[in-house]
Amino acid sequence: QVQLAESGGGLVQAGGSLRLSCAASGNIFNNKTMSWYPQGLGVQRELVASITSSGTSNYLDSVSGRFTISRDSAKNTVYLQMNSLKAEDTAIYYCNAVLAYKFGGSWYNWWGQGTQVTVSS
């Protein structure tokens with residue numbers, strides 16, 4: 001089994017910063033991609049940032065320049081540094097990891113339980 005444990009959410013004023021963390025643990029052989037998906041009230045989850053095992057990162061245009069994703073592959077941990085936060089960034093932020101359990105095995109998606117980020121205007 002695999003678990004993704006997120007932390008770092010909270011309440012912050014507009015213009016402030018937060019740093020989210022997500023640690024994957026369990027039966028992990030390889031960790032291909034880790035990503036963050038916020039889900040606001042009444043809307044679908046949307047990919048805002050991802051990072052591959054080689055360190056290649058991608059961002060949604062609306063967060064580019066404000067959010068930075070990074071990872072510690074040795075710890076199977078991904079971080080999301082969020083600066084210049086806006087009220088519209090308010091959401092539950094879910095961590096996603098694409099993992100394999102063994103060499104040559106299939107890749108599987110795992111999700112964390114989510115962490116609430118609230119930005120007050």
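The values are calculated or read from the model by the stated rules, or taken from the named source; none is laboratory data. Owing to the predicted nature of the structure, the values given are computational and were not obtained by experimental measurement. Heads up, the Cβs are rebuilt from the backbone with ideal geometry, glycines too, and the neighbour counts pull from every protein chain shown. The accessibility values were calculated without ligands, DNA or RNA, using every heavy atom of the protein model including side chains. Shrake-Rupley method; radii C 1.70, N 1.55, O 1.52, S 1.80 Å.
Overview of results
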item: Proximal lysines to K32, defined as alpha-carbon separation beneath 21 angstrom and excluding residues fewer than eight positions away on the same chain; result: K75, K102
item: Protein accessible area in the chain, 1.4 Å probe - carbon and sulfur %; result: 48
item: Rg/Rh for segment 75-120, where both radii come from Cα atoms and Rh is the Kirkwood radius; result: 1.13
item: Fraction in percent of alpha-carbon pairs per bin - 5 Å, segment 1-58; result: 4, 13, 18, 25, 23, 10, 5, 2
item: Residue of S25, S54, S70 that the Gaussian network model of the chain assigns the largest fluctuation, springs spanning Cα pairs under 10 Å; result: S54
item: Whole-Hz couplings from phi, Karplus 6.51/-1.76/1.60, listed for segment 3-9; x for Gly and Pro; result: 10, 10, 10, 9, 7, x, x
item: GNM flexibility winner over the chain from T56, T77, T68 (Cα, springs under 10 Å); result: T56
item: Within the chain: Cβ-based charge dipole about Cα centre, in debye rounded to nearest 20 (Lys, Arg +1; Asp, Glu -1); result: 280
item: Accessible area per residue, Å², the chain with all protein chains present, probe 1.4 Å; result: 54
item: Long-range Cα-Cα pairs in the chain (distance over 26 Å), rounded percent; result: 17
